[in-house]
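Notes for the one structure printed next.
Each value in this text was obtained by applying a stated rule to the coordinates, not by laboratory testing. Model, not experiment: these values are computed from the prediction. Backbone-built Cβ (ideal geometry, glycine too); neighbour counts: all protein chains shown.
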Ligand SMILES: Cc1ncc(COP(=O)(O)O)c(C=O)c1O
């Protein structure tokens, strides 16, 4: 039998071992989920259960075989109109959507210019495409423009709109203009912006930037599961033919699509939750800036990264907070670059101002001994 004990010991020595949990994590304050509007943690309502009545529990096949259900088509229409693009194609997760979009759109003779801090699913999609990939330093428009001068049958730029581990954003209008000058396509992953930023529609819609493909996830602020790639009709048809994570995978369960549709409509219209989230986010940033835990940042959104550097120290602080009843994950390589381990604090509309005050107080106490 193959044995991984030595490999696990090596991970442990590097401070990179993650133990699979055998318990459901519980805490007084959960500051590490992407459930920005608080929907995911709510028990399913009777109204939602009723809406699911009659929907198939499983799609039974890939969309291309006989897996398409009315619920998929409705959900696709709803998310496309929410983000302001002509069509959308549903995937079973954001990971599958990014891998499928990049592998499907970018050919082996193409050039893909990718931000150094793009999510693993984008990186894996780039690899699967077999395109030439130019990784450019994070949010460096000059490097990006220079990279776009490299040869490629088609050229692409891929970026997150609100970076998951850093809570910052590229200048999307500038990226679109650079793409247009180079004849390149723009692919934007709005995983952490959808439902949260730009009045919930994401940053492309807010800034009037039309990407060639927009990836939105339904498992974060929307509080369900799945994801979509929104685009023109022809791009959708191309992905339908070429995106392997769509073609060779069973379509999402119609029940889950119904649940997602219910939550998409709610997230689209729930400006009160977004206002609450904004207010709690402002409070958290201002308290953490006042106590010297973070510096003011250009984007002060619900993702608050607190850089620590050392892997073990980040885990110690996270454990200390855990003992005090606060869930804040230590984010370590390979999720972030080596030497940049951090606490990633996320704010949710489900928190109360008192909980945010307690969170920032405990963070300040825990970090005092470790900065
Ligand atoms: C930027 C980004 N894109 C895509 C994904 C993948 O989304 P999902 O969790 O729906 O697979 C994530 C999830 O962590 C993410 O942070």
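What the table shows:
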| quantity | calculated |
| --- | --- |
| Order of 212, 19 - criterion: other Cβ atoms within 10 Å of each residue's Cβ, fewest first | 19, 212 |
| Projected-area average for segment 1-142 over all orientations - Cα convex hull basis, square nanometres | 15.5 nm² |
| Length added when fully stretched, residue 130-residue 177, from 0.36 nm per residue minus Cα-Cα | 14.3 nm |
| Protection proxy ranking of 336-343, 214-221, 24-31 - average other beta-carbon atoms within 10 Å, highest first | 214-221, 336-343, 24-31 |
| Segment 267-371 - Debye-derived log10 I(q)/I(0), Cα point model, q = 0.11, 0.13, 0.16, 0.20 Å⁻¹ | -0.34, -0.47, -0.69, -1.03 |
| Those residues of segment 254-270 whose amide nitrogen sits under 11 Å from the label point placed on residue 47, 7 Å along Cα→Cβ | 263, 266 |
| Segment 163-215 - Kirkwood radius from inverse mean 1/r over Cα pairs (Å) | 11.3 Å |
| Linear extension gain, residue 240 paired with residue 23, 0.36 nm per residue minus alpha-carbon span | 74.2 nm |
| Neighbour-count ranking [beta-carbon atoms within 10 angstrom, fewest first] of 1, 165, 351 | 1, 165, 351 |
| Percent of Cα-Cα distances greater than 39 Å, calculated over the chain | 17 percent |
| Calculated FRET efficiency for the pair residue 116/residue 78, C-beta based, R₀ 51 Å, to 0.05 | 0.90 |
| Distance (nanometres) between label positions extended 7 Å along Cα→Cβ at residue 361 and residue 150 | 5.1 nm |
| Contour excess over end-to-end distance, with Cα ends at residue 271 and residue 3 and 0.36 nm allotted per residue | 91.3 nm |
